[in-house]
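Please read the structure below before turning to the comments.
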Amino acid sequence: MSQISRRQAVALLGALGFGAAAAACAGPGGSTKPAGASGPAAPSAGAVTGKVSFAHWRGEDKAVFDELIKRFAAKHDGVEVAQDISTSNDYNAQALQKLRGGSIGDAFATFRGAQFKNFTEAGIYTELKDSQAVKNYQKGLLSAGQSGDSQLGLPYQVVFPMPMANLDLFDKAGAEIAPKNWDAFLAMCEKLASAGLIPISWPGGDVGNGGQLFNCMIANNAPVDDMCAQIEQGKLKCTDDWFIKMLNQYKDLRPFVQPNATGTAVEPAQNLFSQGKAAMLATGSYHLAAVRGLGAKFPIDLVFPNTTSDGKGKYEGAYNATFILGVNSASKNQAAAAAWIDFLSEPENAGYYANQTAQHVAVDKVEYTNPDLKRLSPWLQKKTALAARFQFNNLDVRNAVEASATAVISGTSPEQAAAAAQKIVDERL
Amino acid sequence: MSIHPGTAAKRKATDSPAPANPAKVRRRSPTRVNPALYLFPLPAVAVVAFFLVMPTLQAFQYAITDWNGFSAAFNYVGLDNFVRAFTKDSLFTNALTNNLKFVLLVVIAQTLFSLVLALLLTKNSRGSILLRALFFFPTILSSVSVAFIWKFIYDPNFGLANSVLRTVGVDGGAYLGNDAQALYWVAVTQVWFHSGQMMVVYIAGLQAIPRELYEAAEMDGANKWQQFKSITWPFVAPATSIVVAYTTVQSFKAFDLILGIAGNPPKASLDILSTRIYSTFANSEFGYAAAQSIIFMAMIALVTWLQRRLLRLTPKGD
């Protein structure tokens, strides 16, 4: 082997470095197309065998899904389902990158709104329009999983992002559980406060949970149903009168939330409610299991802060259709993944999931045996608005708009808070 | 630039006879070695190229595109992302301001606190060793644990801080819920978390000071302050330089502590550059987030360089 000079060696390394630099300058995303994520073709048919990865964020439901997996495996020889659970924040930030390769999340769930939109644009979903599963859902609850004419996802859960109420405390204070308008709502809060209670436990320090109240507050105030989408598009503004009116109603709530509410995380807020110190928890029905877990024994119902002055609002409540199930278009085991989604969507299995997790489901003909779900079931028939905050596709805009409400609770004037939010919206138009 | 005398001598010996015009003659490398030897660093070069050089270059490339992170389509937008960060994005400039404020607060507080701790606990008595262990203890915790511990301390309803204040009849505050104060409270946590580590650096410096110097100073009638100024400080100045540089970088990157304590996304009063970049990535704006990352990197480099230039704490000759 001939010898080379140091200069030649440096030149060789330089060439290697140049090659690496050139390789780095390939199109973003490497191959530029997610491997196998080819868009909304129907999941391929085939034998229901092999390993299915089920990606989601609900760690609290793991045991329930484990039981359902056992039942599914008993029906299909040689099939195995493994749960790939992330925290909800991580799932929001990383799920798309994890799923696009297809090795994780043969079947998966997404949040309604921005995440569903991103997954749709990335071609991760397969078409479920003609699947067995879709026939089991209540037709009116499927829209959150639709994109154009396609039914890409199946919104599995129905949750009510409205304050939960401790009925015992309401009885004791003689407070009305279904106030007809804003004045009645404030009078109800006043009664609870006079009874020495904190009327509303509100986790203002937790952006995600604190923001759920926004769904109720905006529902009957906004001039259109797609108000948040229109704010993001610049057609409506936070500085509009209707929005300022809503912020003024947040201002009315100042005396009725716990002291220092803007610094309260969700767990302490749940504790205030579970321990009977607060009459309402302003998050939503998705916290039923959590507050029961914290030892709450009292009967629970939901209260809608109706913001109208005459009680003639369009909506009687707010709901959300979420935990949108889908089959990964990059999956190598789509047949088994689709069978798993079909299985979850059968009324019997959906009922088991619902009753064990205290979550309503969008699947039709489900029998609710869980006492909390039974009590809240009438809300499924009421005229409720689809949670508006998930119309925002830009998370910075959503956070800024919701932060205006938090700022008002902490003492900022509605006009100032609205202007600050609108500034962020304008920057992102 | 100085040349090692040995190298110069060797060069002189091998380069004879001297060329007529040395400036015009390209010096040939005298070293010829077996090329197989150059294969040995290749694995390391490959690892560095793959995991460091390529991602860095890619970040620079993404920074000039409008790529959303998963779409095949993207456009080159030149320096638009950089311009946007400073002119059309108040969330970014707010995070930048917060971050600089946070760094300043933490660097001053942590440097002073760890120096005072080190001065008090330099002696190897049993009590000092116990206290050193106590102050060093937070360093071994994970930042997530620290965030949760302090989140509990600051909770206005059930938290330790307000519980203690209530026992003496004082109504506590909202702490992290108060936008005007939130950053200061997180700075307190950061100082608590890392001061023990910096204290150890200072103790190492202090223990290297010969005792005779203090004895001589005492004989000359120097008081404690004069001893500190003339003996202790010159010895611990290099350590201060390290502490300040390390604390600066650490405070710039307090990502996990902020997310742990303030949640994701943190509210605007607690948003710093690293959390803002994370939010931008999560918002499917990869190109813009890459540009923010480059600004972030440049910012750390600039601040570190500036503080090295301004402090000049390393005595000459070191």
Single residue of segment A:79-93 satisfying the filter (modelled with pLDDT of 90 or more and open to solvent by less than 70 Å² (accessible area, probe 1.4 Å)) that is nearest to A:Ile341 (Cα to Cα): A:Val81
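On the basis of being at pLDDT 95 or above, open to solvent by less than 20 Å² (accessible area, probe 1.4 Å) and not hydrophobic (A, V, I, L, M, F, W, C), does A:Pro223 make the cut?
On the way: at pLDDT 95 or above: yes; open to solvent by less than 20 Å² (accessible area, probe 1.4 Å): no; not hydrophobic (A, V, I, L, M, F, W, C): yes.
Judged against the criteria, A:Pro223 is not a match.
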Output the residues belonging to segment B:228-253 that are open to solvent by less than 40 Å² (accessible area, probe 1.4 Å) and either under 22 Å from B:Tyr214 (Cβ atoms) or polar (S, T, N, Q) (or both). B:Ile231, B:Thr232, B:Val236, B:Ala237, B:Pro238, B:Ala239, B:Thr240, B:Ser241, B:Thr247, B:Thr248, B:Gln250, B:Ser251
Of all the residues that make up segment A:119-153, how many are open to solvent by 20 Å² or more (accessible area, probe 1.4 Å), under 27 Å from B:Trp67 (Cβ atoms) and touching a helix residue (DSSP H, G or I) at 6+ places or on another chain (Cβ under 6 Å)? 1
Set B:Val168, B:Val164, B:Val144: member being among the β-branched types (Val, Ile, Thr) and within 13 Å of chain A (Cβ to nearest Cβ): B:Val144
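How about segment A:358-383: which of its residues are closer than 24 Å to A:Lys135 by Cβ and open to solvent by less than 40 Å² (accessible area, probe 1.4 Å)?
Just the residues of segment A:358-383 that are closer than 24 Å to A:Lys135 by Cβ, to begin with: A:359-369, A:373, A:377, A:380-381.
Once the filter is applied, which keeps residues that are closer than 24 Å to A:Lys135 by Cβ and open to solvent by less than 40 Å² (accessible area, probe 1.4 Å), segment A:358-383 yields A:Gln359, A:His360, A:Val361, A:Ala362, A:Val363, A:Val366, A:Tyr368, A:Leu373, A:Ser377.
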Report, by residue number, each residue of segment B:70-94 that is within 26 Å of the chain's Cα centre (by Cα) and polar (S, T, N, Q). B:Asn81, B:Ser90, B:Thr93, B:Asn94
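Please pick out the residue among B:Thr93, B:Thr65 that is hydroxyl-bearing (Ser, Thr, Tyr) and open to solvent by less than 20 Å² (accessible area, probe 1.4 Å). Don't jump to the end; show me each part of the working.
Details: B:Thr93 fails: open to solvent by less than 20 Å² (accessible area, probe 1.4 Å).
One residue alone meets the criteria, B:Thr65.
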Could you tell me how many of the residues in segment A:182-220 are open to solvent by 20 Å² or more (accessible area, probe 1.4 Å) and more than 22 Å from the chain's Cα centre (by Cα)? 12
Of the listed residues (B:Ala147, B:Ala95, B:Ala180, B:Ala187), the one being part of a loop (DSSP other than H, G, I, E, B) and within 30 Å of A:Val401 (Cβ to Cβ) is B:Ala180
Residue, surrounded by the fewest Cβ atoms within 10 Å (Cβ to Cβ), within segment A:241-294, restricted to residues that are at pLDDT below 95 and over 25 Å from the mean Cα position of the chain (by Cα): A:Pro259
Restricting attention to segment A:386-408, which residues are over 24 Å from B:Tyr288 (Cβ atoms) and either crowded, with 22+ Cβ neighbours inside 10 Å or of a type in the set (Lys, Arg) (or both)? A:Ala387, A:Ala388, A:Ala405, A:Thr406, A:Ala407, A:Val408
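Which residues, taken from segment A:154-176, are small (Gly, Ala, Ser), in contact (Cβ under 8 Å) with a residue 24 or more places away in the chain and in contact with a helix residue (DSSP H, G or I) (Cβ under 7 Å, 6 or more places away or on another chain)?
Across segment A:154-176, the qualifying residues are A:Ala173, A:Ala175.
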Close pairs (6 angstrom Cβ cut-off, 6 or more residues apart or separate chains): closer than 16 Å to A:Asp90 by Cα in segment B:260-272, open to solvent by 30 Å² or more (accessible area, probe 1.4 Å) and part of a loop (DSSP other than H, G, I, E, B) anywhere: B:Gly263/A:Asp206
Can you name every residue in segment B:48-79 that is in a helix (DSSP H, G or I), out of contact with any helix residue (DSSP H, G or I) (no Cβ under 7 Å at 6 or more places or on another chain) and farther than 24 Å from A:Lys98 by Cβ? B:Val48
Having 1 or more residues that are closer than 24 Å to A:Gln381 by Cα and more than 14 Å from chain B (Cβ to nearest Cβ) is the bar; report the strands (runs of 3 or more DSSP E) wholly within segment A:87-183 that clear it. A:154-159, A:164-166
Being among the acidic types (Asp, Glu) and open to solvent by 10 Å² or more (accessible area, probe 1.4 Å) is the filter here, so list the residues in segment B:271-298 that pass it. B:Glu285
Within segment B:171-216, restricting to residues that are of a type in the set (A, V, I, L, M) and within 14 Å of chain A (Cβ to nearest Cβ), the one that is most open to solvent (accessible area, probe 1.4 Å) is B:Ala180
Qualifying positions in segment A:345-397 - within 18 Å of the chain's Cα centre (by Cα) and in a helix (DSSP H, G or I): A:Tyr353, A:Ala354, A:Thr357, A:Leu380, A:Ala388, A:Arg389, A:Phe390, A:Gln391, A:Leu395, A:Asp396, A:Val397
Let me confirm something: among B:Ile108, B:Ile129, which residue is modelled with pLDDT under 90 and open to solvent by 40 Å² or more (accessible area, probe 1.4 Å)? B:Ile129
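The values are calculated or read from the model by the stated rules, or taken from the named source; none is laboratory data. This one's a predicted model, so the numbers in the text were calculated from it and none came from an experiment. Quick reminder, even Gly has a Cβ in these numbers, built from the backbone with ideal geometry, and neighbours come from all protein chains shown. SASA here: full protein model, heavy atoms, side chains in, ligands and nucleic acids out. Shrake-Rupley method; radii C 1.70, N 1.55, O 1.52, S 1.80 Å.
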